Every structure is written in structure tokens, then in C-alpha cells.
Amino acid sequence: YSGTGVVVNRTGNRDLNAETGKSLTAGFVFAPSANFQFTVDYFRVTLDNQVDDLSIDTLARAEADCRLGTSSSLTPTSPTCVDAFSRITRFTTGALAGQIASVRVNPINIARERTSGLDFSFRGSLPTPIGRFTLNLSHSHVLDHTFIQYPGDPAVDKMAVDSGYYLPRDKSNGSITWETDALQFTVSGTRLGKLPNYDEDAFIKATYLFNATLQADMTDRLRASLTIRNLLDTMPVKDPTWS
């Protein structure tokens with residue numbers, strides 16, 4: 001029914017509560033010399049009453065899952081299902097019986113969203129007769145990322161393959177730089193961790209992207225630079241479940 005028109009009623013919400021959040025970070029730095037540094041950090045962020053607009057698409061999918069019983073986490077009596085039923089009106093008679101007549105949306109307070117993870121970084125520098133070489137590495141790993149739309153709903157694991165969210169658990173960056181007084185040459189790379197496929201029954205593999213930059217100081221006031229993006233001319237990872 002992609003070509004079917006649906007009446008959408010959107011209103012404000014005077015009953016919204018203020019957003020609140022808590023964050024915790026802890027870590028350490030190991031730097032035995034000015035040319036070497038290693039850091040590890042733990043982070044945990046919790047958002048309560050986060051304000052978000054209801055998505056018509058998400059609402060319609062939730063209502064379908066509630067009616068058809070296709071989601072193990074949604075039951076007809078769960079807060080999300082009760083809310084979806086109240087917001088979607090369907091025709092009860094006539095040729096359009098059963099189809100959606102109208103949808104009511106407005107901003108809501110999301111009960112809670114929480115994420116935690118670890119960040120690692122390394123920086124090493126080596127002076128040589130031909131210039132200074134510097135290696136930078138960083139990696140971020142998400143331990144968990146959960147979402148609860150309404151109080152009483154089960155927590156949704158946003159990192160799960162069938163959660164409906166497409167978030168990488170890991171992301172890494174690295175670069176190596178050679179520099180002299182007038183020249184600087186850098187090769188950098190980014191790795192994006194695996195993501196759910198379109199069918200949400202498996203993961204597609206991680207993707208990599210490399211860039212290179214050459215920079216030259218012509219004078220004290222003039223600098224020239226050349227950048228090659230996607231140095232290896234790689235294509236994105238193909239998802240076999242999407243045409």
C-alpha cells in the first residue's frame with residue numbers, strides 16, 4: 001500500500017518532561033616519555049526522558065508486529081503496543097476495511113537510552129635524521145547500547161542484528177605521518193565494524209577506507225596540500241540481501 005494516502009495528525013505535547021542525563025568516564029594514561037603515550041578510557045552515558053518525534057514508519061511497523069505477534073518482545077498488552085493501537089485508526093467497514101485511515105503522532109519522552117564502552121588510543125613518535133615519524137591509533141568498542149521507549153517495555157538491544165538499528169560496535173582509526181620542516185606526508189585509515197544486513201538475519205563484514213595527504217610549506221605564509229580520498233579505490237561492502 002505504498003501509494004495509499006494516510007491522514008497524519010501531528011500535535012505538540014505540553015506534558016513533556018525535561019531531558020536528563022548522566023555520564024561516567026574513567027581511564028588512565030601511560031606516558032613513559034614525550035614520544036610515547038597510551039590511554040584507555042571507559043565511558044557510560046544514560047539519557048532519561050529524551051525527547052524524540054514519533055516516527056510514522058516505526059509506529060506502523062510496531063503496530064503490525066503487535067497485531068501479528070511477529071516480535072517476541074512486543075505483546076498486545078505492552079506499553080508500546082497499547083500506545084500504537086491508540087495512535088493508528090483503521091477503517092472498519094467498506095472497501096478499505098482493515099487499512100490505515102489516520103495516524104496520530106507527537107513528540108514523546110523516551111524512557112531511557114544507555115550506552116557504554118571502551119576507548120583506546122596510542123601515539124608514538126620517532127625522530128630520525130630524515131624526519132619525524134608519528135603513529136596514531138585509536139579504537140572504540142561499544143559494550144552495550146539499550147533503548148526503552150516506554151516504562152515497562154523490555155529493553156531493546158540496539159547492537160542486535162534484528163533490532164532495527166544499524167550501529168557498528170567497533171570503529172578504528174589509524175595514521176602514520178612523516179614530516180620535516182617543510183613537508184608532511186600522512187596515510188590514514190578508518191575501519192567501521194560489521195553492521196546488520198538488510199534482512200536483519202546476519203552481519204555484513206567490516207569496511208575499510210584509506211586516504212593520503214601531502215602537505216608542503218612553500219613559504220611562511222603559503223602552504224600547498226594534495227589529498228587522495230579512498231586511496232585503494234575500494235567499493236563499499238556488498239549486502240547480498242539488498243538488490
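Worth a mention:
- Heavy-atom accessible area order for Lys158, Lys22, largest first, 1.4 Å probe: Lys22, Lys158
- Here the Gaussian network model covers the chain, with springs between Cα atoms less than 10 Å apart; of Gly94, Gly21, Gly193, Gly94 fluctuates the most.
- Segments 223-231, 159-167 sorted - mean Cβ within 10 Å per residue, highest first: 159-167, 223-231
- Of all accessible heavy-atom area on the range 124-243, the percent that carbon and sulfur account for (1.4 Å): 60 percent
- Pairs of Lys residues in the chain are counted when their Cα atoms are under 14 angstrom apart and they lie 8 or more places apart or on different chains; the count is 6.
- Against the chain, whose longest principal axis is taken from its Cα atoms, helix 56-68 shows a tilt of about 60°.
- Peptides ranked, highest mean first, by Cβ atoms within 10 Å: ranges 136-146, 4-14, 119-129: 136-146, 119-129, 4-14
- Mean accessible surface per residue for the chain, computed with a 1.4 Å probe while every protein chain stays in place, in Å²: 66 Å²
- C-alpha center-to-center spacing [the range 101-117, the range 128-193] in angstrom: 27 Å
- In this structure Ile176 has an accessible area near 90 Å², from a 1.4 Å probe over the protein heavy atoms.
The values are calculated or read from the model by the stated rules, or taken from the named source; none is laboratory data. These figures come from a predicted structure and were not determined experimentally. Positions of Cβ are generated from backbone atoms using ideal geometry, with glycine treated the same way; all protein chains shown enter the neighbour counts. Just so you know, the surface numbers come from the protein's heavy atoms only, side chains and all, with ligands and any DNA or RNA stripped out. Shrake-Rupley method; radii C 1.70, N 1.55, O 1.52, S 1.80 Å.
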